[in-house]
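**Student:** Quick one: the structure is below, questions incoming.
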Amino acid sequence: MLYGKYLFSSVLEDDALLPYYKGSTFRGVFGHALKRVVCALKRQDCRDCLLRQKCVYAFVFETPAPGGDPGGQKRIASPPHPYVIEPPGTAKKHFKKGEPFDATLLLFGKANDYLPYFIYAFDQMGKLGIGQRVGGKRAVFFLKSVSTDNKPIYSSQDKKLREGKFTQDLALEDFMAPDDKGVRRLELSLKTPLRLKFENKLEASLPFHVLTRAMLRRISSLANYHGNGEPALNYRGLVQRAKSVEISHSSLKWFDWKRYSNKQDQSMLMGGMVGRVTYEGDLAEFVPLIRFCEKVHIGKQTSFGLGKIELTGMGP
């Protein structure tokens, strides 16, 4: 699967007031800006649009199943969006004019081909403004540059996109290392709230088999829709063996916050797990799954930037 990680560096031109967790705010304004940029038939519902199958906005925000099949492929209930927006990691809410204002955009598969659209949409997003109104207006910002791995892709000075290969091929087998064979302990940090459902209920704890199910769903769905097909894994066997792994320490807690849904025109209470958890058991075969998912997030609402995990330690 093609994978791109792009840093959008901006500067605020107004004081800004943003929520504690900024992912849903970014996603909402970004979607609005992208639709304004690419939509040919203004104010038309995407579901009824003649251009839906060829539209960048519909592909990104209303991701269809291949061939228009509403049921999707195999065991996957709905196609995953081909992007993740990682908002600024700070918890602060008040920003001053002139402060840097950065975000990271992850793109999967052919979504990387549409990078110029996303850059232009992000530039327009700055003009629309973001956050709560301060002095009667939302804070505007200007996009200074876009880069990947510290290599410049775009600059506001010349407004040109550099040529080059900015993606990498993400494959599960690339995350297998000989040194992982003896791993029997690992620590995982949940950097942004993780929302998982198990047996149709939101989980407030993270047994290792629940984590494994979530990782396998994420990997298989991304590979199916935005890569070269599901990896050849023994899904049932992995889940069964994951049940023998135990939690030796956990500081996980549930974190709630409110977001406003433009689509539903109401505030919604969101929540997810944050903190650290340490597992012990036969863990070697699961390390590649974790390393892959470190790059792509897991769980629900990943497009908001939720479900960012980090492997912070492991050993025999």
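The values are calculated or read from the model by the stated rules, or taken from the named source; none is laboratory data. Bear in mind the structure is a predicted one, so any value in this text is a computation, not a measurement. Note that each Cβ is placed from the backbone with ideal geometry, even for glycine, and that neighbours are counted across all protein chains shown.
**Student:** For V287, indicate whether it is surrounded by fewer than 20 Cβ atoms within 10 Å (Cβ to Cβ) and out of contact with any Lys or Arg (no Cβ under 8 Å at 6 or more places or on another chain).
**Tutor:** Answer is yes for this residue.
**Student:** Also: Examine segment 184-198 for a residue that is in a loop (DSSP other than H, G, I, E, B) and surrounded by fewer than 17 Cβ atoms within 10 Å (Cβ to Cβ), and state whether such a residue exists. Give the derivation first.
**Tutor:** Narrowing segment 184-198 to residues in a loop (DSSP other than H, G, I, E, B): 184, 195-196.
Retained after the next criterion (residues that are surrounded by fewer than 17 Cβ atoms within 10 Å (Cβ to Cβ)): 184.
So far as segment 184-198 goes, yes, one or more of its residues are in a loop (DSSP other than H, G, I, E, B) and surrounded by fewer than 17 Cβ atoms within 10 Å (Cβ to Cβ).
**Student:** Within segment 26-42, how many residues are of a type in the set (G, A, S) and either at positive phi or surrounded by fewer than 17 Cβ atoms within 10 Å (Cβ to Cβ) (or both)? Talk me through it step by step, then tell me what you get.
**Tutor:** Taking segment 26-42 as the starting set, the residues that turn out to be of a type in the set (G, A, S) are 28, 31, 33, 40.
Next, only the ones that are either at positive phi or surrounded by fewer than 17 Cβ atoms within 10 Å (Cβ to Cβ) (or both) stay: 40.
Total meeting the criteria: 1.
**Student:** Kindly check whether there is at least one residue in segment 157-175 that is in a strand (DSSP E or B), under 30 Å from L283 (Cβ atoms) and either touching an Asp or Glu at 6+ places or on another chain (Cβ under 7 Å) or touching a residue at least 60 places away in the same chain (Cβ under 8 Å) (or both). Spell out how you get there, then give the answer.
**Tutor:** Keep residues of segment 157-175 that are in a strand (DSSP E or B), which gives 161, 168-169.
Subsequent filtering for residues that are under 30 Å from L283 (Cβ atoms) retains 168-169.
Okay, now just the ones that are also either touching an Asp or Glu at 6+ places or on another chain (Cβ under 7 Å) or touching a residue at least 60 places away in the same chain (Cβ under 8 Å) (or both), so 168-169.
There is at least one residue in segment 157-175 that is in a strand (DSSP E or B), under 30 Å from L283 (Cβ atoms) and either touching an Asp or Glu at 6+ places or on another chain (Cβ under 7 Å) or touching a residue at least 60 places away in the same chain (Cβ under 8 Å) (or both).
**Student:** Going by what's in this entry, would G23 be described as at pLDDT 90 or above and surrounded by 19 or more Cβ atoms within 10 Å (Cβ to Cβ)?
**Tutor:** So G23 fails the test.
**Student:** All but one of (1) under 21 Å from the mean Cα position of the chain (by Cα); (2) at pLDDT 85 or above hold for K54; which doesn't?
**Tutor:** Against the list (1) under 21 Å from the mean Cα position of the chain (by Cα); (2) at pLDDT 85 or above, K54 comes up short only on (1).
**Student:** Provide a single number: the residues in segment 83-117 that are part of a helix (DSSP H, G or I) and out of contact with any helix residue (DSSP H, G or I) (no Cβ under 7 Å at 6 or more places or on another chain).
**Tutor:** The qualifying residues number 5.
**Student:** What residue, among those in segment 201-222 that are of a type in the set (A, V, I, L, M) and under 15 Å from the mean Cα position of the chain (by Cα), is farthest from G109 (Cα to Cα)?
**Tutor:** Let us first name the residues in segment 201-222 that are of a type in the set (A, V, I, L, M), namely 202, 204, 206, 210-211, 214-216, 219, 222.
Checking the rest, the ones that are also under 15 Å from the mean Cα position of the chain (by Cα) come to 214-215, 219, 222.
On the way: A214: 20, M215: 18, I219: 13, L222: 9 Å.
That would be A214.
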